[in-house]
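Notes to accompany the following structure.
The numbers here are math on the coordinates, done by the rules we state, and not lab data. Note that the coordinates shown come from a computational prediction; the quantities given were computed from them, not determined experimentally. FYI the Cβ positions are ideal-geometry reconstructions off the backbone, even for glycines, and counts take in every protein chain you see.
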């Protein structure tokens, strides 16, 4: 039974985090109830396969540096739930989240509160917190047109990339996946610099009545650290959005989200990528080098293809054990690596050496497990 005074933490603990079917009517009815209580800001919707989080954070950061009130909603989180809702330069604190949660408990009906999934409710929480802001940057969780973030009308749709992922939900071809993502566009849109030819062809029909914003590779920014090439591409996509909004200047300081090809020590890099498209980016970033790959995979990911892509840079594979029912059986991963003649072992913290280079890769869960098990929290 729903307790209308329970805390956000206890409320979310009862929520479905993973699901096999999307019931869009629940989030739609919830938004209808919430919409009369807030003034929705300008909505920038980030959809696609990879690069959503970083692109969204770059856009939000530029808006903040332009003295705009902005909320960036991203998912999932690595360590703390608060990472999902970033407000004007900082993760939302517990007090702000709790007050918004208590308001939602009063606004939404008990039936809807019971039905909403973890992600759907968190999306509504972020939308509520953006009341009277100038901008909200919403990152889709899965897909596009039927994603919870698409429940509000968007002013601008940003598509960093589209590749094969979540095939059980979205379809088993680039075309099928692209269709549901592109259909989420309500008004204007912009595509990243490296978009599959099938997507370019589809936009001619699906988005024929929408306004396309051009990607401008010439826009400049500053960073306190050296950034990987794909991060730079995401930054220039974000700057193209800012330029379209009439706010561009060449001295924005941009830093990527945590966990995106992030060097947390001199010899350890973490990346939350988990699909072949992400693996190809990592391969390019570490080309002509050898690393020890600390890895694991969800059952529904193409781990065989991922390892095949990364094989040229793998000196050794260390399988990190994660406490999650969705994670692939260790023996299956061991056998897969053996067939590829990849030197493989089970990871433990004592294996970390100062004179070796490590890449922790495979999902948010893999990165989270590694950080918690090793207590390496530098820069996070």
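Observations on the model:
- Between segment 292-324 and segment 212-276, the alpha-carbon center distance in angstrom: 25 Å
- FRET efficiency for residue 349 and residue 209, using Cβ-Cβ distance with R0 set to 41 Å, rounded to 0.05: 0.15
- Between residue 9 and residue 305, the simple label model (points 7 Å from Cα in the Cβ direction) yields a spacing of 4.0 nm.
- Kirkwood Rh in Å, taken over segment 243-300 so that all alpha-carbon pairs contribute: 14.2 Å
- In summary, the convex hull built on the alpha carbon positions of segment 8-244 has an orientation-averaged projected area of 12.8 nm².
- Protection proxy ranking, peptides 306-313, 53-60, average beta carbon neighbours within 10 Å, highest first: 53-60, 306-313
- Principal axis dimensions, largest first and in whole angstrom, of segment 173-239 by Cα: 40, 25, 17
- Of every Cα-Cα pair in segment 137-256, the percent that sits beyond 25 Å: 25 percent
- Ellipticity estimate at 222 nm from DSSP helix runs (n ≥ 4, -39,500 (n - 2.57)) divided over the chain, nearest 500: -11000 deg cm²/dmol
- Translational diffusion of segment 1-130 was estimated from the Stokes-Einstein equation, with Rh taken as the Kirkwood radius over Cα pairs; at 25 °C and 0.890 mPa s the coefficient is 158 µm²/s.
- Annotation: peptides 101-110, 235-244, 363-372, ranked by per-residue average of other Cβ atoms within 10 Å with the highest first, follow the order 235-244, 363-372, 101-110.
- Relative to the longest principal axis of the Cα atoms of the chain, the long axis of helix 229-244 makes an angle of roughly 20 degrees.
- Under 19 Å from the residue 223 label point (7 Å along Cα→beta-carbon), backbone N, segment 267-281: 267-274, 278-281
- Relative to the longest principal axis of the Cα atoms of the chain, the long axis of helix 276-285 lies at roughly 60 degrees.
- Rounded D (µm²/s) - segment 236-378, Kirkwood Rh over Cα pairs, Stokes-Einstein at 4 °C, 1.567 mPa s: 80 µm²/s
- Nearest-ten-degree value, helix 330-339 long axis tilted from longest Cα axis of the chain: 50 degrees
- Here is the tail figure for segment 13-60: Cα pairs spaced more than 18 Å apart come to 60 percent of all pairs.
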